[in-house]
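Student: If you scroll down you'll find the structure; I have some questions about it.
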Amino acid sequence: MSTLIQKKICLLGDFSVGKTSLTERFVYNRFSERYISTIGVKISRKSIVISPEVTLNILIWDLAGSEEFTGVQSSYIQGAKGAIFVCDLTRPKTLESLEKYNRQLEDATPNIPIALVGNKTDLASECKIDRYSLEKEARKFNTIAITTTSAKTGRNVESIFEALAKELV
């Protein structure tokens with residue numbers, strides 16, 4: 001008989017870094033070129049078989065990255081067991097702003113595992129953030145995994161969610 005475990009994770013990062021696109025790619029294996037800003041929070045769910053004995057049901061809370069939602073984010077973060085910080089590799093400011101999200105996370109649920117994602121590798125000619133910069137920023141957080149992804153192509157999307165899922169179990 002398999003054990004079913006349920007855990008909540010939050011995706012945090014500035015607007016338009018690709019949080020919703022990463023979630024859509026991971027949960028539904030789809031990508032849309034249309035940009036629709038998340039208002040508040042969007043919750044998705046996916047089950048991951050960790051072993052023959054354990055299945056993890058992850059609730060993915062995709063939080064809006066707009067400044068106007070900063071005040072309510074803390075209440076959305078409550079109860080999270082893990083987080084994915086997302087920056088846009090073409091916009092260095094989005095990497096710098098992760099410290100703000102880390103402070104919010106630490107205030108609401110301290111010492112939970114964090115995966116750091118540099119998204120949009122499909123825009124290689126426009127990328128301004130390198131691996132060294134990601135690793136340097138990751139040292140500031142409780143980071144268990146660092147990777148670069150492309151929600152458009154699916155590159156490393158599955159693996160980063162699975163790395164965090166395994167850490168949660």
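The values are calculated or read from the model by the stated rules, or taken from the named source; none is laboratory data. Computed from a prediction, not measured in an experiment: that's the story for all the values here. All accessible areas refer to the heavy atoms of the entire protein, side chains included, with ligands and DNA or RNA removed. Shrake-Rupley method; radii C 1.70, N 1.55, O 1.52, S 1.80 Å.
Student: Give me Rg/Rg_expected for the range 31-122, where Rg uses Cα atoms only and Rg_expected = 2.2 N^0.38 Å with N residues.
Tutor: 1.18
Student: Going from most exposed to least, what order do Tyr76, Tyr35, Tyr28 have by accessible area with a 1.4 Å probe?
Tutor: Tyr35, Tyr28, Tyr76
Student: Sort Val157, Val27 by accessible area with a 1.4 Å probe, largest first.
Tutor: Largest accessible area first, the residues go Val27, Val157.
Student: Now a separate question. Taking only the alpha-carbon atoms of the range 63-169, what semi-axes of the equivalent ellipsoid follow from 5 times the gyration tensor eigenvalues under a square root, in whole Å, largest first?
Tutor: In descending order the semi-axes read 22, 17, 13 Å.
Student: Now, a different point. Rounded, prolate or oblate: which fits the range 95-145, taking a ≥ b ≥ c as square roots of the Cα gyration tensor eigenvalues, rounded meaning a/c under 1.5, else prolate when a/b beats b/c?
Tutor: Prolate, because a/c is 1.5 or more and a/b exceeds b/c.
Student: Could you go through the range 22-27 in sequence order and give the Karplus-derived ³J(HN,Hα) for each residue, using 6.51 cos²θ - 1.76 cosθ + 1.60 with θ = phi - 60°, rounded to whole Hz, and x for Gly and Pro?
Tutor: Once rounded to whole Hz, the list reads 4, 5, 4, 5, 5, 7.
Student: So how much accessible area does Val41 have, in Å² to the nearest 10, using a 1.4 Å probe?
Tutor: 40
Student: Rolling a 1.4 angstrom probe over the protein chains, ignoring ligands and nucleic acids, what is the accessible area of Lys140 in square angstrom, nearest 10?
Tutor: Looks like 100 Å² after rounding.
Student: Provide the solvent-accessible area of Glu158, counting protein heavy atoms only and rolling a 1.4 Å probe, rounded to the nearest 10 Å².
Tutor: Number for this one is 80 Å².
Student: Would you please give the residues with an amide H less than 5 Å from that of Arg91, counting only those at least 5 places away or on a separate chain, with H modeled from the backbone geometry?
Tutor: Amide H to amide H, under 5 Å and 5 or more residues apart or across chains, Arg91 pairs with Lys128.
Student: Could you put Arg34, Arg131, Arg25, Arg45 in order of accessible surface area, largest first, with the 1.4 Å probe and the full protein assembly present?
Tutor: Result, largest first: Arg34, Arg45, Arg131, Arg25.
Student: May I ask you to evaluate 6.51 cos²θ - 1.76 cosθ + 1.60, the Karplus curve with θ = phi - 60°, for each residue of the range 37-42 and list the ³J(HN,Hα) values in order in whole Hz, giving x for glycine and proline?
Tutor: Along the range 37-42, the couplings run 5, 6, 10, x, 8, 10 Hz.
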